[in-house]
Amino acid sequence: GRGGRGRSRGGRRGSRGRGMGKGKGVDGGEAGRSLRRSKWINRQLTRVANVENLNRLFQTINYHIGEMNAINLVTALHRVTKLAVSRDDFSLDKLLENAIFRRLTATVVSRVESCAARNAEVEPTDETAFSVQCMSVVCWSCAALRLQEDRLWTTIAELASPKLGELKPYELSNMTWAYAKVNMGTPDFFLSVSHRMMTREPGDFSLQCLSMVAWSFATAKIRDPVLFSHLAKEIIASSATAKPQEIANTLWAYAKNRCQEAQLFHKLGDVALSDDLLWTFKPQELSNTVWSFATVGIQHPPLFRRAMTVAIAIRRQLSPQNSANILWALAKLQVCSQSGLLPVFFELLGASSSDSAEVSAILWAAVRKNQSSGFGGASSQLVAKWFEDLPQGVLEAVIEVSMDAPGFFEYLTDGVDGEPQDGSVRLFRAMTRAVVPTRMEDVRPHVYTVTEHMLSRLPYLCLEDQLLVSDSVDVLVPLYGSGAPGPV
């Protein structure tokens, strides 16, 4: 009996010893407990993040950060990023004021640098080591936050470049996008990406990933004609499923890098026209699409006709820069006069709070092909409104075309009696100083009438405008000679 009990106790002790002796048992050993603990922490992070409470997530991170492994840290950073950037009031400066966030990023940087310091392959079971997959998520998170951690970006590039083949297609495209987004990618890093992309198998990368890689190279100003030609073939083959963002970003990337892949442009243009897809384009996507065709000089009349219809329909959603890009594209491809967009955009800009650079771009696009039919009162008001800030070259070109358009001189005379009074006076001054001295013989009767009208209204103007008119008349007197109008 005793022997049996001894054997039983001995068996139990032996079993316990085998499970804990060297800490290698998955179920009962130290490594197993650590793994289970790490998985539990990840579940806590995910559960709290799903509630979309950033403060509670920070509390959870702060409580567990001392025992987090690499995957836990990456999960924490990724979830914080998604919650932070989804807020309307997101501010990186405000986020950096959070002590827990600073501790989290400092811990990530420290762990990544420790991996580099080892300068040797780490064991696959080492939970403190950052895999290249983890590094991809860190890069995406930092780029989404616009976080410029120079040491982190440099170290990850050095560690990841030889291991890009281990990344899944979306992980590689996300990492490439991240380096381009924060302008931290070196030529050597993009060369490594190029080598990886050139060795891919057809169908490995989705159209979205291919588009993102092309966009990243163009944004980083890395020209790689061989890679872009290689990508174009696969993009064309899978273009039927292209979404608006993929079409616009791909075309923009090829235009930015001056890659004139005509077949790619025509194919994506055809896809944009199919099933009324162009009507689903966001303003920036529409603007980038037509800008891209014009930049490389590729015509696609059906696309541009539809694009102009869409642009007019969504004109109030277009930013001034969108409008400038669209008008520039029309002027570049000489389809401006058929668009009907000039008066529409002039009307919108006249009441907008655009800056002078955007107004200059639109006006310059309009006069590029001498499209005077779209000018008249609308462009005159724009020039008057922005006269003080418009570059001299744009000002002269616009006024020169405007003077040949119906309604220009009428605006100068009628505008003094109504709104905007100040604008017409400033425009009168601009006209006399910028163009009239060189075109006096052509427009003498009109200028004389406008000058007399301005002088007749002089008593009703404010002192500042009176001085502007008098100064302008002084410029005209030598050009008129003895027949110059004088103060009433």
Exactly one condition in (1) closer than 28 Å to THR155 by Cα; (2) surrounded by 14 or more Cβ atoms within 10 Å (Cβ to Cβ) is false for ARG118; which is it? (2)
Under the condition of being more than 21 Å from LYS221 (Cα to Cα) and surrounded by 14 or more Cβ atoms within 10 Å (Cβ to Cβ), which residue from the stretch 167-203 is farthest from the chain's Cα centre (by Cα)? ARG200
All positions within the stretch 272-293 that are in a helix (DSSP H, G or I), of a type outside the set (Asp, Glu) and surrounded by fewer than 21 Cβ atoms within 10 Å (Cβ to Cβ): LEU273, SER274, LEU277, TRP279, THR280, PRO283, GLN284
Residue count, the stretch 457-473 (criterion: out of contact with any helix residue (DSSP H, G or I) (no Cβ under 9 Å at 6 or more places or on another chain) and at pLDDT below 80): 0
The number of residues in the stretch 26-47 that are touching a residue at least 24 places away in the same chain (Cβ under 8 Å) and in contact with a helix residue (DSSP H, G or I) (Cβ under 8 Å, 6 or more places away or on another chain) is 6
What is the residue count in the stretch 170-211 for residues that are in a helix (DSSP H, G or I) and not hydroxyl-bearing (Ser, Thr, Tyr)? 22
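Condition check ((1) modelled with pLDDT of 90 or more; (2) closer than 30 Å to ASP150 by Cα) across all residues:
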position	(1), (2)
GLY23	no, no
SER34	no, no
ASN50	yes, no
ARG102	yes, yes
CYS115	no, yes
State whether the residues of the stretch 263-271 include one that is under 22 Å from SER216 (Cα atoms) and part of a loop (DSSP other than H, G, I, E, B). no
Within the stretch 210-235, work out how many residues are open to solvent by 10 Å² or more (accessible area, probe 1.4 Å), within 15 Å of the chain's Cα centre (by Cα) and of a type outside the set (Phe, Trp, Tyr). 4
Within the bounds of the stretch 197-204, is there any residue that is under 23 Å from ALA116 (Cβ atoms) and charged (D, E, K, R)? no
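The values are calculated or read from the model by the stated rules, or taken from the named source; none is laboratory data. Values in this document were obtained by computation on a predicted structure and should not be read as measured data. Backbone-built Cβ (ideal geometry, glycine too); neighbour counts: all protein chains shown. Heavy atoms of the whole protein, side chains included, go into the accessibility calculation; ligands, DNA and RNA do not. Shrake-Rupley method; radii C 1.70, N 1.55, O 1.52, S 1.80 Å.
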